[in-house]
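Laboratory data are not the source of any read-out in this text; all were calculated from the coordinates shown. The shown structure was predicted, so the numbers you read here are calculated from the model rather than taken from an experiment. Virtual Cβ from ideal backbone geometry, glycine too; neighbours counted across all protein chains shown.
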Amino acid sequence: MNKIKSYLESVLEEMKKVSWPSWLELKGSTWMVVGLTIFLAAVVFVYDKVMNTGLGWILQ
């Protein structure tokens, strides 16, 4: 039980040292992740369509 208490106290001390982002930084990072996810999904979609069409032509 003493080890758990010591561990939790350590965690609380470390959490005080964390540099939390501001609301604007958080929103900016969120939109960056959403935008990058949509972009990568579009790239994979196009790549899949090109490969599917190419293999369709080859296998005919």
Under a GNM of the chain (C-alpha, springs under 10 Å), which listed residue has the highest mean-square fluctuation: LYS17, LYS49, LYS27?
LYS17
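With charges set only on the Cβ (+1 for Lys and Arg, -1 for Asp and Glu), what does the dipole of the chain come to about its Cα centre, in debye to the nearest 20?
120 debye
In deg cm²/dmol and to the nearest 500, what is the mean residue ellipticity at 222 nm of the chain if only DSSP H runs of at least 4 residues count, each as -39500 (n - 2.57), divided by the residue total?
On the way: 2 runs with 53 residues, N = 60.
-31500 deg cm²/dmol, from helical runs alone.
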Taking the 0 to 90 degree range and rounding to the nearest ten, how far is the long axis of helix 23-59 tilted relative to the main principal axis of the chain, both from C-alpha atoms?
30 degrees
Report the per residue volume, in Å³, of the convex hull enclosing the C-alpha atoms of the chain.
136 Å³
Measure nothing fancy, just the Cα-based angle from helix 2-17's long axis to the longest principal axis of the chain, in degrees from 0 to 90, nearest 10.
70 degrees
Among PHE45, MET1, THR30, pick out the residue whose Cα is farthest towards the positive end of the charge dipole of the chain, where Lys and Arg carry +1 and Asp and Glu carry -1 on C-beta, about the Cα centre.
MET1
